[in-house]
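Where a number appears in this text, it was derived from the coordinates with a stated rule and is not lab data. This structure is a prediction, so every number in the text was calculated from the model and none was measured. Quick reminder, even Gly has a Cβ in these numbers, built from the backbone with ideal geometry, and neighbours come from all protein chains shown.
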């Protein structure tokens, strides 16, 4: 017996994730999700000594699968999810 539940999150516009890695004591990271990249801001952040990582935000896909063992005779269930 296989129970499969797949949930897809649909995004209409492609989003980008910008990671700003700060050069401070805590080595802070700031993450922004944007539809358009502001290259002036990127340039300013680089001038301030920060590192910048840019990636495309992908569609989120949640996949849960439950598989019962063959020959399992006991009934079982989840009390919490």
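Laid out as a table, the results:
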quantity: For 30, 25, order by how many other beta-carbon atoms lie within 10 Å, fewest first; calculated: 25, 30
quantity: Chain lengthening between residue 13 and residue 41 when straightened (0.36 nm per residue, less Cα-Cα); calculated: 8.0 nm
